[in-house]
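**Q** Just passing along the structure, written as structure tokens.
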Amino acid sequence: MNRLFALWFFACGSVSAANSLLIENVTLLSPEQPRPLGNRYVLIRDGRIAQVSATAITTPEGARRIDGTGKFLSPGITDAHVHVSQAIGLPFGSADPAIADMEKAFFAQQPRSYLYFGVTQVLDPSNMPEKVAEFAAQKQHPDIYRCGAAPVVDGYPLLFIDASIRHKVFNDYIFEPANAREHPLPAGANAAEHTPEAVVERIAASGALCVKVFIENGFGDRSDWPIMSTDTLRRVRVAAKKHGLLLAAHANALDMQRIAVAENVDILMHGIWNWNEVEGQPGIPPVIAEHLRTIRAKNIGYQATLRVVPGVTDLLDPSLLEDPVLPKVVPAGLLAWYHTEAAQWFKREVFGPNPDGAGMTARIRAANEHWETSQSGLRALRYLYELGQPMLLGSDTPSAPTWGNQPGYDTYKEMKLMAQAGIPLADIFAAGTINNAKQLGLDKDYGTVEKGKVANLLLLEANPLANIEAWTRIDTVILHGEPIARETLAAGAKQ
Ligand SMILES: [Zn+2]
């Protein structure tokens, strides 16, 4: 029994037939099957799948029953790249009590918004265990796993945090001797605690599934942020392997991804949308093709994170705030605040001080640049798919403080962008279920509708192998065997 399951189990009381659930006459969608299987019966006991049968199962005494006639039963979705520690769009470190209230409402709703869109497992590649614990303390929440973050002294993403506290917030930072002159060990720190080996050992002891490194020398025109040397990266990899942890790398530009790929990381946490010297070229330029073929040949996991760039561009289109889905996943107070002047702080940061007025030309140029960048990401994913790369699902929600990336909804939008890139629906389905489970080493528990697996399942009114929009037509989310009507998970729904 894993620890998360144990917590749920103790919260929900005694073992009895009341812990059994029988789903009858349903069409089964399980990614190891070549096609949907009609008229199936699925028995769930104590939070796990106990039996899957092509003939009727006698109802255990006291068991609850769901008539699955005309419906589809699928594994719950795993989004393998989310950040649960950020209250989306709100300014950091504000003392305003109104902001604090909105934050509170956001964190209470966040796990339910993931469930609302069928996301029953998430991976947060951050180093904020207390925020992960807060997420898991909510009454209804996806199962959550995390990576430990191992940035270098003053490197990304630390440099966005005030210098006086950055190395306390991310205390599993690595001291990089190659950068020592400009980025010395913080005062009072002990070098022996910040070697690759010491940091990875601490991350392993914290219960993380993976170590995340950041190969990022700057956004836009910047390229002067300190990064890890290849020697250090190699030592991180050896240490991660020793502790049975996956090595995940933030890298989204050609030159940065090459470093990660050369050192055989297990998984790239971003698609390649910054093409450096071949930026803006049509098709797949030869250097990009070669890079993608290397990823495939080395069997390195690749999360396309197609929503990162559009999530920022969405800020330029305020009509998107009228999207009728938003009230389902965003608390009303926060959604109203997104319309205010104060909420535009990040938009101004990215698109200039007057993004809606005199800066119109700049704004259109910026939107076009973003558009091209995200098209590069779509083409790269399609190319990898054609090479036989297993697709993975990771939305990077939220990748920035933008209301464009909302929990759960953004996972669905990521799947829609994969479809737009030309990935067949069956492969998108596999990405969010069995492929993610295998990549994270969690396939004993998740990824298919098979005996023994955790009963995190979705009952759908339409078939997502026929239409991507079926992912919005969830009737019931089954979480550790407990059926939850979808609409009760919406923001503002009576609990
Ligand atoms: Zn991320």
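The values are calculated or read from the model by the stated rules, or taken from the named source; none is laboratory data. This one's a predicted model, so the numbers in the text were calculated from it and none came from an experiment. Cβ atoms come from the backbone with ideal geometry, glycine included; neighbour counts cover every protein chain shown. Heads up: the accessible areas ignore ligands, DNA and RNA and are worked out on the full protein's heavy atoms, side chains in. Shrake-Rupley method; radii C 1.70, N 1.55, O 1.52, S 1.80 Å.
**Q** Label points 7 Å out from Cα along the Cβ direction at Asn25 and Asp96: separation in nm?
**A** Using points 7 Å along Cα→Cβ, the separation is 5.5 nm.
**Q** Let me ask another. Please give every one of the lysines within straight-line cross-link reach of Lys453, meaning a C-alpha to C-alpha distance under 18 Å, and leave out same-chain neighbours fewer than 8 residues apart.
**A** Hits, sequence-local ones excluded: Lys438, Lys444.
**Q** For Arg202, Arg65, Arg473, give the ranking by accessible area with the largest first, probe 1.4 Å.
**A** Arg65, Arg473, Arg202
**Q** Can I ask one more? Which of Lys71/Lys328; Lys168/Lys212; Lys104/Lys494 have a Cα-Cα distance over 21 Å?
**A** Checking Cα-Cα distances, Lys71/Lys328 exceed 21 Å.
**Q** Mind ranking Ser164, Ser53 by accessible surface for me, highest first, 1.4 Å probe?
**A** Descending order: Ser164, Ser53.
**Q** Let me ask you something else. Sorted by accessible area with a 1.4 angstrom probe, largest first, how do Asp410, Asp231 fall?
**A** Result of the area sort, largest leading: Asp231, Asp410.
**Q** Per-residue HN-Hα couplings for the stretch 254-269, Karplus 6.51 cos²θ - 1.76 cosθ + 1.60 at θ = phi - 60°, whole Hz, x for Gly and Pro?
**A** 3, 5, 6, 5, 4, 4, 5, 5, 4, 9, 6, 5, 7, 8, 8, 8
**Q** Got a number for the accessible area of Glu182? Probe 1.4 Å, square angstrom, nearest 10.
**A** 140
**Q** Right, next: Taking all pairs of distinct Cα atoms, average 1/r, flip it, and tell me the Kirkwood hydrodynamic radius of the stretch 186-318 in Å to one decimal place.
**A** By the Kirkwood definition, the hydrodynamic radius is 16.3 Å.
**Q** Same structure, new question: How large is ³J(HN,Hα), in whole Hz, for each residue of the stretch 444-459 in order, when computed from phi with the Karplus curve 6.51 cos²θ - 1.76 cosθ + 1.60 and θ = phi - 60°, using x for Gly and Pro?
**A** 5, 9, 9, x, 9, 9, 9, 3, x, 7, 4, 7, 9, 9, 10, 9
**Q** Over the stretch 171-260, what percent of the accessible surface lies on carbon and sulfur atoms, probe 1.4 Å?
**A** 50
**Q** Let me ask another. Rounded to the nearest whole Å², what accessible area per residue is found for the chain with the 1.4 Å probe?
**A** For the chain, the per-residue accessible area is 41 Å².
**Q** With +1 on each Lys and Arg Cβ and -1 on each Asp and Glu Cβ, and nothing else charged, work out how big the dipole of the chain is about its Cα centre, in Debye to the nearest 20.
**A** Dipole of the chain, to the nearest 20 debye: 1240 debye.
**Q** If you plug each phi of the stretch 31-39 into the Karplus form 6.51 cos²θ - 1.76 cosθ + 1.60 with θ = phi - 60°, what whole-Hz ³J(HN,Hα) values come out, in order, with x for Gly and Pro?
**A** Running phi through 6.51 cos²θ - 1.76 cosθ + 1.60 with θ = phi - 60° gives x, 7, 8, x, 8, x, 10, x, 6 Hz.
**Q** Return one number: the angle in degrees, 0 to 90 and rounded to the nearest 10, between the long axis of the Cα atoms of helix 409-420 and the longest principal axis of the Cα atoms of the chain.
**A** Taking the Cα atoms of the chain, the angle to 409-420 is about 80 degrees.
**Q** Roughly how much of Lys347 is accessible, in Å² to the nearest 10, using a 1.4 Å probe?
**A** So the heavy atoms of Lys347 present about 10 Å² to solvent.
**Q** Still on this model: To the nearest 10 square angstrom, what accessible area does Glu461 show with a 1.4 Å probe?
**A** Estimated to the nearest 10 Å², Glu461 gives 80 Å².
**Q** Can you give me the angle between helix 3-12 and the longest principal axis of the chain, using Cα atoms only, in degrees from 0 to 90, rounded to the nearest 10?
**A** For helix 3-12, the angle is close to 50 degrees.
**Q** On a 0 to 90° scale, report how tilted helix 286-297 is relative to the longest principal axis of the chain, with both axes built from alpha carbons and the result rounded to the nearest 10.
**A** 50
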